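Heads up, the thing below is written out as structure tokens.
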Amino acid sequence: NTKCTDLSERISAGQDALDSSPTETEISAFMTDVLVVEYGSAISDIRDLGFPEGDEELLDGLFTDAEKVLDDISADPIGILASAESPFADVNVAYQDYGLTACADA
């Protein structure tokens, strides 16, 4: 949860750096250069910490799912925003179920 709280703060800082009416190019850059990079880094840091015994497969699958969302965002950052639902909706439910509540809010 600490890594995800740090992630949330970095993402918020990136959002705060955007103009009040950002262009599509600025939004796309934020999505790929801040959101994807920072989230990917947080996943890597969490993987480096290691997973609790018995939860390795579950957590590896969860973070692999999150990485797939990041790949989708990288491929089409503006298209992802056009979706009515958060691209992380399913991953966030899994985070909540596991107890990574800060990760579900990141």
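The values are calculated or read from the model by the stated rules, or taken from the named source; none is laboratory data. These numbers come from a predicted model, not from an experiment. Note: ideal-geometry Cβ built from the backbone for every residue, glycine included; neighbour counts use all protein chains shown. For the accessible areas, the whole protein counts, side chains as well, though only heavy atoms, and no ligand, DNA or RNA atoms are used. Shrake-Rupley method; radii C 1.70, N 1.55, O 1.52, S 1.80 Å.
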**Fill in**
Residues of region 29-52 being closer than 16 Å to L18 by Cα and exposed (fewer than 14 other Cβ atoms within 10 Å of the Cβ), in sequence order, are D33
**Complete:** Of (1) exposed (fewer than 13 other Cβ atoms within 10 Å of the Cβ); (2) under 23 Å from E9 (Cα atoms), L62 fails just (1)
**Request:** Out of the residues in region 9-28 that are out of contact with any helix residue (DSSP H, G or I) (no Cβ under 6 Å at 6 or more places or on another chain) and small (G, A, S), state the one that is most open to solvent (accessible area, probe 1.4 Å).
**Result:** S20
**Failed criterion for E57 (all others in (1) among the acidic types (D, E); (2) at pLDDT 95 or above; (3) under 15 Å from the mean Cα position of the chain (by Cα) hold)** = (3)
**region 65-88 - residue that is of a type in the set (S, T, N, Q) and exposed (fewer than 13 other Cβ atoms within 10 Å of the Cβ) and, of those, farthest from the chain's Cα centre (by Cα)** = S83
**Asked** Could you say whether any residue in region 88-95 is modelled with pLDDT under 95 and out of contact with any helix residue (DSSP H, G or I) (no Cβ under 8 Å at 6 or more places or on another chain)?
**Response** yes
